[in-house]
1. Calculate the spin-label point distance for D72 paired with L33, positioning each point 7 Å from the Cα along the beta-carbon direction, and give it in nanometres.
2. Based on the mean of other beta carbon atoms within 10 Å per residue, what is the order of 141-147, 74-80, 88-94, most packed first?
3. Under a Cβ-Cβ cut-off of 15 Å, what is the net charge of the residues other than E123 that fall near it, where Lys and Arg count +1 and Asp and Glu count -1?
4. Quick one: helix 232-249 against the long Cα principal axis of the chain, what's the angle to the nearest 10°, folded into 0 to 90?
5. Scan the stretch 1-77 for GluC sites (Glu not before Pro) in coil per DSSP, keeping those whose Cβ has at most 16 other Cβ atoms within 10 Å, and list them by number.
6. Straight distance only, please: which aspartates and glutamates reach the Cα of K42 with their own Cα at less than 17 Å, same-chain residues fewer than 8 apart left out?
7. For the stretch 1-118, just say rounded, prolate or oblate: build the C-alpha gyration tensor, square-root its eigenvalues into a ≥ b ≥ c, call rounded for a/c under 1.5, and beyond that prolate if a/b exceeds b/c, oblate if not.
8. Using the Karplus curve 6.51 cos²θ - 1.76 cosθ + 1.60 with θ = phi - 60°, work out ³J(HN,Hα) for each residue of the stretch 197-203 in order, rounded to whole Hz, and write x for Gly and Pro.
Amino acid sequence: MITVVCVYNNQEILDKLLLKSLKTQSLDYELILMDNTNNHFKSAAEALNQGAKKANGSYMMFVHQDIDLKSDEWLKNTESTLNSLDNLGVAGVAGVSPWDEDEKISNIKQGSPPRRISDNHIETPQKVQTVDECLFIIPKSVFDILKFDEEVCDDWHLYAADYCLSAINMGLNVFVIPSEVYHSSPGNSMSDKYYTTLGNILKKHKKYHRFIFTTMGGWTSFYPLYIQKKRPYVKKKLLAIFQKIYQSEK
């Protein structure tokens, strides 16, 4: 069984999108909703860690309120896919791998009117480095060992990316699965807080990950973040060198 965990701050959007698509699912599921309409939680990591304590399913799906699953068989098909994945740490519906030239891998559509976020449409699960926060799934057996980092991710950004990197450090695999959803968000949630969290993540994972790729861009952990922001051409050159080295070693 899949436990669906969602932190929401807009009941109307939640009802119109996520809950409406869950009500027609052919597979039983557990639903845990964390009400943040009064800004009770200071971060997604805090809220999701609290919600996950109540979970009984074999898999925990962390999902935004503005996601439409689009198919009555979505949970059934996704659970079947998850059961087939080897050494699963995290599975998401959008992600990035450093060996794929910083290209998003996803079948999802977003915005209004709906548009694909990537031309990299997949038919089978693909290994990646990190996945997007809009929807991702973690086996409960993994989450029992590894929780969201509330100190590093003390806002509402990059908590899935950080979790993926930690899962990889444990020897687990991260995948994007070929499940289609609709995300009503325009997908441009960059802010000063985003970069604060990004800096925390680069520092945390510097020992094991010299380059970190997210759906909002790639970064290096051995070059100051403020220089990468001010001089994007420097960052781009460093990432290109890394990818050439990686390709030559494959």
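The numbers here are math on the coordinates, done by the rules we state, and not lab data. Here the structure is a predicted model, which is why all the values come from computation and not from measurement. Every residue, glycine as well, gets a Cβ built from its backbone with ideal geometry; the counts of neighbours run over all protein chains shown.
1. Placing both labels 7 Å along Cα→Cβ, they lie 2.3 nm apart.
2. Ranked from most to least packed, the peptides come out as 88-94, 74-80, 141-147.
3. Net local charge, E123 excluded: 0.
4. With both axes taken from Cα atoms, the answer is about 90 degrees.
5. The qualifying sites are E73.
6. Hits, sequence-local ones excluded: E133, D149, E150, E151, D154, D155, D192.
7. Details: a/c = 1.32, a/b = 1.21, b/c = 1.09.
In terms of gyration-tensor shape, rounded.
8. 5, 4, x, 4, 5, 4, 5
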